[in-house]
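The values are calculated or read from the model by the stated rules, or taken from the named source; none is laboratory data. Note that the structure is predicted; figures quoted are calculated from it, not measured. Here the Cβ is made from the backbone with ideal geometry for all residues, glycine too, and neighbour counts use every protein chain on show.
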Amino acid sequence: MNINRRNFIKASVAVSTVSLINAPAFGNPSTRTYALPKGAKILFQGDSITDGGRSRNLDWNHVMGHGYAFIIASRLGYEKPNMNYHFFNRGVSGNTVPNLASRWQADTLDLAPDLLSILVGVNDTSAEMDNKPGYSVNSYTSDYRKLLSETKNKLPETQLVIGEPFILPVGKIKTNWNEWHDHISKRQEEAKNLAKEFDAIFVPFQAHFDEAARKAPAEYWIWDGVHPMPAGHELMARKWIDAVNL
């Protein structure tokens, strides 16, 4: 092999390596190219897991609730004071995707967040298991898609984050584990697919909780199979920050 050919191959390998490093890769936060501006609005949407007992007034001692959204806001606020992020929590206990839709304008679009994080699905799963109309997996997907489409149309620059709904075998969830697992796993797959469709960051909470449950009993992380213990909220906050890469 002559020197020129060897140099060409070395250069080609170098270019390929750089291309792989810079190429967007779903699920690999280190390769994402979005950047939030100073003073960015970060909004958390969802059900009771996000709600976290938040206040409905301007009392900043309680306005973020006491769950993962609070932990994320606390940590990023402390570590990045120069960014002056503004955090909002609009989670509402018991909410399903249709519930989100009914308040989407006031609680999401009017706030015009720079980053919108959504976690929803466990109540939709419970509603389907109770045979309530309008809560099939297909409805979950189509209704969720409508919300995301509306958001992208009206707020095209907003970075989306989709959290995976999750459960662990504790309490009534454990008693009826096979049915719960079967129903929610379908929504987990749909949430992941929607994240790909809308170029959203996907946070695979279920895998992280499954891994954690190998280190300590499931009830150590999620007290009733749905709602996290303090350690579970800390897990969520850490994995969210890792995935979103702020």
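Summary table below
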quantity	calculated
Scope the range 81-115; condition under 18 Å from Lys152 (Cβ atoms), in contact (Cβ under 8 Å) with a residue 40 or more places away in the chain and not hydrophobic (A, V, I, L, M, F, W, C); matching residues	Asp107, Thr108, Pro113, Asp114
Near pairs, Cβ below 9 angstrom, 6+ apart or cross-chain, from the range 196-218 (touching a residue at least 12 places away in the same chain (Cβ under 8 Å) and farther than 12 Å from Gly163 by Cα) to any residue that is among the polar types (S, T, N, Q) and assigned to a strand (DSSP E or B)	Asp199/Gln159
Residue list for the range 121-148, filter: in contact with an Asp or Glu (Cβ under 6 Å, 6 or more places away or on another chain), within 25 Å of Asp224 (Cα to Cα) and touching a residue at least 40 places away in the same chain (Cβ under 8 Å)	Asn123, Tyr140
Matching residues in the range 43-81 - criterion: being assigned to a loop (DSSP other than H, G, I, E, B) and surrounded by fewer than 21 Cβ atoms within 10 Å (Cβ to Cβ)	Gly53, Ser55, Arg56, Asn57, Leu58, Asp59, Trp60, Asn61, His62, Val63, His66, Lys80
Failed criterion for Ser185 (all others in (1) surrounded by 17 or more Cβ atoms within 10 Å (Cβ to Cβ); (2) of a type outside the set (Asp, Glu); (3) modelled with pLDDT of 95 or more hold)	(1)
Wholly within the range 99-180, helices (runs of 4 or more DSSP H) carrying at least 2 residues that are modelled with pLDDT of 95 or more and within 22 Å of Ala40 (Cβ to Cβ)	137-154
Asp51 of a type in the set (Asp, Glu) and either modelled with pLDDT under 95 or in contact with a Ser or Thr (Cβ under 6 Å, 6 or more places away or on another chain) (or both)	yes
Test: residue in the range 149-164 that is among the hydrophobic types (A, V, I, L, M, F, W, C), surrounded by 15 or more Cβ atoms within 10 Å (Cβ to Cβ) and under 22 Å from Val226 (Cβ atoms)	yes
Of all residues in the range 188-246 being farther than 29 Å from Lys152 by Cβ and small (Gly, Ala, Ser), the one that is surrounded by the fewest Cβ atoms within 10 Å (Cβ to Cβ)	Ala216
